[in-house]
Amino acid sequence: MSVAGLVLAAGAGRRYGMPKALVRYDGQLLVERAADTLSRAGIDRVLIVLGAAADEVRARGRLPETVVNPDWETGMGSSLRTGLASLAATPGCTAAVVLLVDMPGVSPEAVRRITAHAAPDALIMGGYSGRRGHPVLLGRDHWSGVSASATGDRGARDYLRTHEVVVVGVGDVADDKDLDEPGNLSAIHDH
């Protein structure tokens, strides 16, 4: 079973005041942290979808494979489509585990728990005290359906809502709070 990691890091971070991929957290850029989280979880192929300030992110970050979403301004849905299309060109990749760049509290252990259930027909989400969250694993059989429904900032949400999803508890080893504004950084960091 070959599982790829997909980091969505294309947004301009309008509410944050800068692209979140360029935000420093614990001595590294958030985009580097997300890629490292996937690598430390045993994911060999990590693909990062960039958009806003892509050249600067590439220049400043130590990054694995990247792809640029030309439509990044339309929202996260287009980044998810871009990433899945790039992964679909690789035979043998059976599932993708998706991380958002602005969730530094998601841990390698959370990713390992999710990817333990990987299969081409799998839809897996992290569970936090009865609430669904990240990471999210999308089996290859679902990529075209997810891509067809991913619009604006909704990503895979609509698709996941209408399909059977396995929720795996990760709240004891991870935190899926997102960094929407600079003040959130200290709140997550102190958690």
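The values are calculated or read from the model by the stated rules, or taken from the named source; none is laboratory data. Computed from a predicted model, the values in this text were never measured in an experiment. Note that each Cβ is placed from the backbone with ideal geometry, even for glycine, and that neighbours are counted across all protein chains shown.
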Worksheet item: Listed residues 21, 12; which is at pLDDT below 95, outside any loop (DSSP other than H, G, I, E, B) and either under 24 Å from residue 154 (Cβ atoms) or acidic (Asp, Glu) (or both)?
Response: 21
Discussion item. Assigned to a strand (DSSP E or B), out of contact with any Asp or Glu (no Cβ under 9 Å at 6 or more places or on another chain), touching a residue at least 12 places away in the same chain (Cβ under 8 Å) and closer than 18 Å to residue 39 by Cα: is that true of residue 87 in this structure?
Written reply: no
Fill in: Among (1) surrounded by 19 or more Cβ atoms within 10 Å (Cβ to Cβ); (2) over 22 Å from residue 144 (Cβ atoms); (3) in contact (Cβ under 8 Å) with a residue 24 or more places away in the chain, the one test that residue 66 misses
(3)
Worksheet, complete the sentence: The residue from 95, 119, 110 that alone is among the aliphatic types (A, V, I, L, M) and part of a helix (DSSP H, G or I) is 110
Worksheet, complete the sentence: Sole miss for residue 184 among (1) surrounded by 13 or more Cβ atoms within 10 Å (Cβ to Cβ); (2) at pLDDT below 95; (3) closer than 15 Å to residue 125 by Cβ is condition (3)
Practice prompt. Determine whether the stretch 107-122 contains at least one residue that is touching a Gly at 6+ places or on another chain (Cβ under 9 Å), free of Cβ contacts under 8 Å to residues at least 24 places away in the same chain and on the phi < 0 side of the Ramachandran plot.
Written response: yes
Discussion item. For the stretch 19-39: of the residues being farther than 19 Å from residue 83 by Cα and touching a Pro at 6+ places or on another chain (Cβ under 9 Å), which is surrounded by the most Cβ atoms within 10 Å (Cβ to Cβ)?
Written reply: 23
Discussion item. Among the residues of the stretch 40-52, what is the count of those that are surrounded by 19 or more Cβ atoms within 10 Å (Cβ to Cβ) and part of a strand (DSSP E or B)?
Written reply: 6
Fill in: Residues being of a type in the set (Gly, Ala, Ser) and touching a residue at least 40 places away in the same chain (Cβ under 8 Å) - total across the stretch 24-38
1
Fill in: Filter pass, residue 130 being buried (at least 16 other Cβ atoms within 10 Å of the Cβ) and at pLDDT below 90
no
Discussion item. Being closer than 15 Å to residue 102 by Cβ and surrounded by 15 or more Cβ atoms within 10 Å (Cβ to Cβ) is the requirement here; does residue 76 meet it?
Written reply: yes
